[in-house]
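Chemist: If you scroll down you'll find the structure; I have some questions about it.
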Amino acid sequence: MSLGVPTLVIIAIVVLYLLNSIKILREYERGVIFRLGRVLGSPKGPGIILVFRPIDQIVRISLRQEVLEVPPQDVITRDNVTIKVNAVVTLYVVDPNSAAIKVVNYIYQTSQFAQTTLRSVLGEVELDTLLSHRDQLNLRIQSIIDQRTEPFGVKVISVEVKQVDLPETMTRAMAKQAEAERERRSKIIHAEGEFNAAQKLVDAAALLATQPMTLQLRYLQTLTEIGVEKNTTIVFPLPMELMSLLNKFSAQMKPTEKQP
C-alpha cells in the first residue's frame, strides 16, 4: 500500500515538529515551561525534555553560583568621612519558578538591592568599625540582601567588601595616628625596661649588703676589665664607710656656736 504525497508531507512535518520540540538541558540548567501562558507545576530537566511550540515556551534558569560585582558607592560614614566602597556578591537560584515569574531580571534586581544596602549599612558605622570589623558588616549586609531576594528564589551566599578608598587627607591623618601609637608603645617599653633595670639594681644592692666582701671582689673585677682594655686610667673608688667617718670627724671638729 503506497502512501500519497500529501500523507508523506504530513508525516515529514510531524517528524520535523517532534524533532524541533526536543530540548536538552545541562545538569546545571532547569527549564520553566509556560503552557498557554501558565507555568507548569515544576521546572523540567536536566536531560531531554519536550517543548511543543507555540503552545509551550521555555525559560532556561542556571543553578550555578554567580558572582556579582557591586560598583563603587559613595558612602558617608557615621563620623562624616566620605569614602568609596565596592563589594562582591555571590548568589545562586534555589527556586527557578520564582526566579522566572516574580522578577524580570534577578541579577539586576540583586545588584540594586546590594547597592542600596551597602550604602545604608556602612553609613551607620564609623570608619574605624568599618576597617576593623569588616567580617561582621559583611554578614549583616549578606543577611539583609538575602531576606530581600528570598521572595524571588535567589539565595545570597556571601557579601565581601572588596575595597575601601579613603580620601588623601584621611590617609595622612591615619598615618600620623599610627606613628603616634608606635611612639607611645616604644616609650612604654623603654620605661618598663628602666623600671626592670632599677628593680634588678635594688635586688643586687640588697644582696651585696649581706656580704660586704662581695663589693671588694666586684671592685677587683672592674680593675681587671679595665686592664684588659689596655686603658692607662686607673680609678680608685673611695669607700662609702670612709666618707661617713670623715663626715662625722668634720662635724666633731666644728666649733660650737656660743649661745647669746
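Chemist: Among the residues of region 164-221, how many are over 30 Å from V88 (Cβ atoms) and in contact with a Leu (Cβ under 8 Å, 6 or more places away or on another chain)? Lay out the reasoning, then the answer.
Modeler: The first filter runs over region 164-221 and keeps only residues over 30 Å from V88 (Cβ atoms), leaving 176, 179-221.
If we keep only those that are in contact with a Leu (Cβ under 8 Å, 6 or more places away or on another chain) too, we end up with 208, 214-215, 218.
Of the residues in region 164-221, 4 are over 30 Å from V88 (Cβ atoms) and in contact with a Leu (Cβ under 8 Å, 6 or more places away or on another chain).
Chemist: Being loosely packed, with under 10 Cβ neighbours inside 10 Å, in contact with a helix residue (DSSP H, G or I) (Cβ under 8 Å, 6 or more places away or on another chain) and either at pLDDT below 70 or not assigned by TED's automatic domain parsing to the domain that holds H133 (or both), is that true of even one residue in region 226-233?
Modeler: Initial filter on region 226-233 (loosely packed, with under 10 Cβ neighbours inside 10 Å): 228-230, 232-233.
Filter once more, keeping what is in contact with a helix residue (DSSP H, G or I) (Cβ under 8 Å, 6 or more places away or on another chain): 233.
Narrowing further to those that are either at pLDDT below 70 or not assigned by TED's automatic domain parsing to the domain that holds H133 (or both): 233.
So far as region 226-233 goes, yes, one or more of its residues are loosely packed, with under 10 Cβ neighbours inside 10 Å, in contact with a helix residue (DSSP H, G or I) (Cβ under 8 Å, 6 or more places away or on another chain) and either at pLDDT below 70 or not assigned by TED's automatic domain parsing to the domain that holds H133 (or both).
Chemist: Report whether or not D74 is under 30 Å from R134 (Cα atoms), among the charged types (D, E, K, R) and either in a helix (DSSP H, G or I) or touching a helix residue (DSSP H, G or I) at 6+ places or on another chain (Cβ under 7 Å) (or both).
Modeler: On the way: under 30 Å from R134 (Cα atoms): yes; among the charged types (D, E, K, R): yes; either in a helix (DSSP H, G or I) or touching a helix residue (DSSP H, G or I) at 6+ places or on another chain (Cβ under 7 Å) (or both): no.
No.
Chemist: While we're on this one: Got a number for residues in region 83-116 being of a type in the set (S, T, N, Q), surrounded by fewer than 14 Cβ atoms within 10 Å (Cβ to Cβ) and closer than 30 Å to R35 by Cα?
Modeler: Matching residues across region 83-116 total 1.
Chemist: Can I ask one more? Return the residues of region 115-130 that are closer than 17 Å to V81 by Cα, in contact with a helix residue (DSSP H, G or I) (Cβ under 9 Å, 6 or more places away or on another chain) and assigned to a helix (DSSP H, G or I); say none if nothing qualifies. Spell out how you get there, then give the answer.
Modeler: First, pick out the residues of region 115-130 that are closer than 17 Å to V81 by Cα: 118-130.
From the residues that got through so far, the ones that are in contact with a helix residue (DSSP H, G or I) (Cβ under 9 Å, 6 or more places away or on another chain) too are 118, 120-122, 125, 127, 129-130.
L118, S120, V121, L122, L127, T129, L130, listed by residue number.
Chemist: Which residues, counting only those in region 73-93, are more than 18 Å from the chain's Cα centre (by Cα) and either more than 16 Å from E124 (Cα to Cα) or outside the structural domain of E150 (by TED's automatic domain parsing) (or both)?
Modeler: Residues satisfying the conditions are L91, Y92, V93.
Chemist: A further question on this structure: Any chance region 135-158 includes a residue that's without any contact (Cβ under 8 Å) to a residue 12 or more places away in the chain, farther than 30 Å from G37 by Cα and not in a helix (DSSP H, G or I)?
Modeler: Checked against the condition, which is being without any contact (Cβ under 8 Å) to a residue 12 or more places away in the chain, farther than 30 Å from G37 by Cα and not in a helix (DSSP H, G or I), region 135-158 yields no hits at all.
Chemist: Can you name every residue in region 168-184 that is over 21 Å from H133 (Cβ atoms) and either surrounded by 11 or more Cβ atoms within 10 Å (Cβ to Cβ) or modelled with pLDDT of 90 or more (or both)?
Modeler: Residue satisfying the conditions is R172 alone.
Chemist: Of all residues in region 117-139, which are buried (at least 18 other Cβ atoms within 10 Å of the Cβ), modelled with pLDDT under 90 and either closer than 19 Å to V70 by Cα or not assigned by TED's automatic domain parsing to the domain that holds N80 (or both)?
Modeler: L130
Chemist: Of everything in region 159-203 that's of a type in the set (S, T, N, Q) and without any contact (Cβ under 8 Å) to a residue 40 or more places away in the chain, which residue is farthest from T117 (Cα to Cα)? Spell out how you get there, then give the answer.
Modeler: Going through region 159-203, the residues of a type in the set (S, T, N, Q) turn out to be 163, 169, 171, 177, 186, 196, 199.
Checking which are without any contact (Cβ under 8 Å) to a residue 40 or more places away in the chain leaves us with 169, 171, 177, 186, 196, 199.
Numbers: T169: 27, T171: 26, Q177: 31, S186: 42, N196: 53, Q199: 58 Å.
My answer is Q199.
Chemist: Would you tally the residues in region 32-45 being without any contact (Cβ under 8 Å) to a residue 24 or more places away in the chain, surrounded by fewer than 15 Cβ atoms within 10 Å (Cβ to Cβ) and assigned to a loop (DSSP other than H, G, I, E, B)? Show your work before the answer.
Modeler: Residues of region 32-45 without any contact (Cβ under 8 Å) to a residue 24 or more places away in the chain: 35-38, 40-41, 44-45.
Among the residues that remain, those that are also surrounded by fewer than 15 Cβ atoms within 10 Å (Cβ to Cβ) are: 35-38, 40-41.
Narrowing further to those that are assigned to a loop (DSSP other than H, G, I, E, B): 36-37, 40-41.
Number of matching residues: 4.
The values are calculated or read from the model by the stated rules, or taken from the named source; none is laboratory data. Predicted model only: the values in this text are computed from it and were never measured. For neighbour counting, all protein chains shown are included, and Cβ atoms are generated from backbone atoms with ideal geometry for every residue, glycine included.
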